[in-house]
Amino acid sequence: MSPYAMSMLMSSLAMGTIITLSSSHWFLAWMGLEINTLAIIPLMTKMHHPRATESATKYFLTQATASALLLFSAAMNAWMTGEWTIVNMNSYIPTTILTIALAIKLGIAPFHPWLPDVLQGLDMMTCLILSTWQKLAPMALLMLTSHQLNTSLLTLMALASAIIGGWGALNQTQMRKIMAYSSIAHLGWMTLVISFAPGLALLNLTIYLMMTSSMFVMLMALNATNMNKLSISWLKTPTLAASMMTGLLSLGGLPPLSGFLPKWLILQEMTKHHLGALSAVMALSALLSLFFYLRLSYMISMTSPPNISNANLAWRKKNNLSLINPILIVLSTMLMPITPMLLM
């Protein structure tokens, strides 16, 4: 793709998200989401492969449905209340339609099946954009309207996302599908706490963005798209493989890594609201996710691939990492010491 076209598309992506984040009017927010969707579709189809075309088509149809539902809920709310402001959603039917529209946009269960299929057909850089940047605008709208949305519906969707996100990745071997199910599970945790403490949901989103970004950057550096390629990464780049193992454990939420921090604070918040049973089910669903992260960590660190070469020395890949890599790795694994500051 031409650098000029790429810069234009990336600018449009940034502009769409910024328009949605800074708007107080539903029409402007919808317009930002549409610019976002239209800007990423050429990035999806730049590989000129039938699988990429299929992913772009699925993404476009899903996002168009979600945008139509969002505009319909905003118009219905304006018809009932006479206002187009985002924070004024008081009627039951518009808020329910809005919740479903944003769940489709984000890939929250039970509206999740498009996400693994779409990610599997894309290159790693587009997967990174889709898993991180494209979540910002819908999540911002969800946070802005969280105090008016149906808490029971959000809790049910959060529970389904956490369970399906853990369950769906158990039999996957493709890294992009595993990261898609990881995204679904993390979105479940954010959706769960968003009605009770939007600040905690924002913290969870920030840490999720850092962990996912570092994981995709490492996968791009290793050129690993499936578990078999991941298993030979230790021979090529031992330092990066060790960092990836730590990042995977952080995604799983093991202490004392960064990924444990949001889960701990969310479970604490849930028990404060006397939702002990729900907290227990969410903690058990986190064990499902932890299992496949541990399986990947085991593949990276403790398995050796069949060696068909007679040479004793393994070929080492030249280290071509940028400065952003170590920063992301440190942020995605070593944020636990800031917990007292957050609690205060």
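Tabulated data
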quantity: Descending Cα extents along the principal axes, the chain, whole Å; calculated: 76, 51, 34
quantity: Extreme residue, positive dipole direction of the chain, given options Y208, M334, L69 (C-beta unit charges); calculated: M334
quantity: Nearest 10 degrees, 0 to 90: helix 151-168 Cα axis against the chain principal axis; calculated: 20
quantity: Between 0 and 90°, nearest 10: helix 276-301 axis offset from the chain longest Cα axis; calculated: 30
quantity: Surface accessible to a 1.4 Å probe, per residue, for the residues of the chain, Å²; calculated: 44
quantity: Using a Förster distance of 35 Å, the FRET efficiency for M6-L156 (Cβ separation, nearest 0.05); calculated: 0.30
quantity: Relative contact order [Cα under 8 Å, 6+ residues apart], the chain, whole percent; calculated: 15
quantity: Additional length obtainable on full extension of the chain from F291 to W84, 0.36 nm per residue less Cα span; calculated: 70.0 nm
quantity: Whole-number percent relative contact order across segment 137-251, with pairs defined as alpha carbons under 8 Å at least 6 apart; calculated: 23
quantity: Cα-derived Rg to Rh of segment 162-289, Kirkwood definition; calculated: 1.00
quantity: Long-range lysine pairs (8 or more apart or interchain), the chain, Cα under 16 Å; calculated: 9
quantity: Residues listed by number, segment 110-147, amide nitrogen under 13 Å from F60 label point at 7 Å toward C-beta; calculated: none
quantity: Whole-Å distance, taken between Cα centres, linking segment 210-287 and segment 1-42; calculated: 29
quantity: Cα-based helix-to-principal-axis angle, 133-144 vs the chain, degrees rounded to 10; calculated: 30
quantity: Accessible-area composition of the chain, carbon plus sulfur, in percent [1.4 Å probe]; calculated: 70
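The values are calculated or read from the model by the stated rules, or taken from the named source; none is laboratory data. For clarity, every value in this text was computed on a predicted model and none was experimentally measured. In this analysis, Cβ positions are derived from the backbone assuming ideal geometry, glycine residues included, and neighbour counts consider all displayed protein chains. Just so you know, the surface numbers come from the protein's heavy atoms only, side chains and all, with ligands and any DNA or RNA stripped out. Shrake-Rupley method; radii C 1.70, N 1.55, O 1.52, S 1.80 Å.
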